[in-house]
Amino acid sequence: MHPLLGQLLEQRHLSSARLIFSLNDYDVISDLHSSLKAIREIFDSPDYVDNRVDQSVVEIALARITAAIRETNSMEAHAAALVALLDSALSHELSSTSNGFWKDDSPHCKIVLDLLSSLFLNYGKRSIMILVLPMAMKALTCKNEEIIRNTSSYIALAAIHNGKTLSHYSLQIIANITNNGNYSLLRVLPQVYNYNQEPIEAHLPKLLELLHRSQARIT
């Protein structure tokens with residue numbers, strides 16, 4: 001891990017935050033395992049939800065790391081590590097709390113959203129989507145509306161190039177539509193149907209009913 005990243009992640013020196021954005025991208029990702037391990041240890045801490053400094057440290061470090069991965073076009077090499085971090089973040093409380101006129105998302109929600117956004121920038125790369133889509137299915141089961149909404153949009157985008165991979169999750173997708181009212185996932189069914197017809201045909205009457213209902217809402 002670069003010393004500046006170490007100061008930020010291990011010593012919580014926010015004064016290092018500005019400097020890490022001037023680092024060479026390859027220096028940032030040279031020891032990604034250690035950096036991501038440090039990030040996970042911070043947000044796994046019981047007091048993370050109340051520690052604004054730690055939250056800022058994680059947000060800054062993740063922003064710099066994902067930017068470096070993007071600029072070096074090395075997501076295929078690092079996707080598994082980011083997916084593991086996403087899995088850990090998804091295990092925390094993600095529900096929103098009402099605060100008068102607005103809702104506050106949990107600090108872990110921000111991590112999940114940032115990681116999903118970064119990973120799904122590569123929706124056209126099958127090797128990455130094979131790793132990411134199982135976590136996307138897991139994200140759909142959380143209680144945070146923003147995560148569910150964003151993940152559904154990402155899945156619809158990924159379906160364009162990954163219908164076969166997504167077809168393995170046909171039953172989960174159908175359950176999200178029929179049981180949870182996630183009508184936006186209706187968009188992925190044509191791509192999934194090309195590779196896995198039976199689950200869709202088994203639920204076709206219900207799916208058609210929901211499709212007509214969703215179209216009626218739009219009109």
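In segment 122-164, what residues are in a helix (DSSP H, G or I), farther than 20 Å from Asn182 by Cα and polar (S, T, N, Q)?
Ser127
Which condition number does Glu93 fail, the rest of (1) surrounded by 17 or more Cβ atoms within 10 Å (Cβ to Cβ); (2) among the charged types (D, E, K, R); (3) outside any helix (DSSP H, G or I) being met?
Result: Glu93 passes all but (1).
Considering only segment 26-52, state which residues are in contact with a Pro (Cβ under 8 Å, 6 or more places away or on another chain) and either over 16 Å from Ala81 (Cβ atoms) or surrounded by fewer than 15 Cβ atoms within 10 Å (Cβ to Cβ) (or both).
The answer is Tyr48, Val49.
Criterion first (under 30 Å from Leu204 (Cα atoms), among the hydroxyl-bearing types (Ser, Thr, Tyr) and surrounded by fewer than 20 Cβ atoms within 10 Å (Cβ to Cβ)) does Ser153 satisfy it?
yes
Filter segment 163-173 down to the residues that are of a type in the set (A, V, I, L, M) and buried (at least 20 other Cβ atoms within 10 Å of the Cβ), then identify the one that is nearest to Leu140 (Cα to Cα).
Residues of segment 163-173 of a type in the set (A, V, I, L, M): 166, 171, 173.
Of the ones still in play, those that are also buried (at least 20 other Cβ atoms within 10 Å of the Cβ) are 166, 173.
Numbers: Leu166: 14, Ile173: 9 Å.
Per the criteria, the residue is Ile173.
I want to confirm something. Restricting to segment 86-123 and keeping residues that are small (Gly, Ala, Ser) and modelled with pLDDT under 95, which single residue is nearest to Lys164 (Cα to Cα)?
If we take residues in segment 86-123 being small (Gly, Ala, Ser) and modelled with pLDDT under 95, then Ser95 is nearest to Lys164 (Cα to Cα).
Restricting attention to helices (runs of 4 or more DSSP H) lying wholly within segment 1-84, give those where 3 or more residues are of a type in the set (A, V, I, L, M). Can you show your working first?
Working: elements: 3-11, 17-20, 25-28, 32-43, 52-71.
Correct list: 3-11, 17-20, 32-43, 52-71.
The values are calculated or read from the model by the stated rules, or taken from the named source; none is laboratory data. Everything numeric in this text was worked out from a predicted model, so none of it was measured. Glycine also receives a Cβ, built like all others from the backbone with ideal geometry; neighbour counts cover every protein chain displayed.
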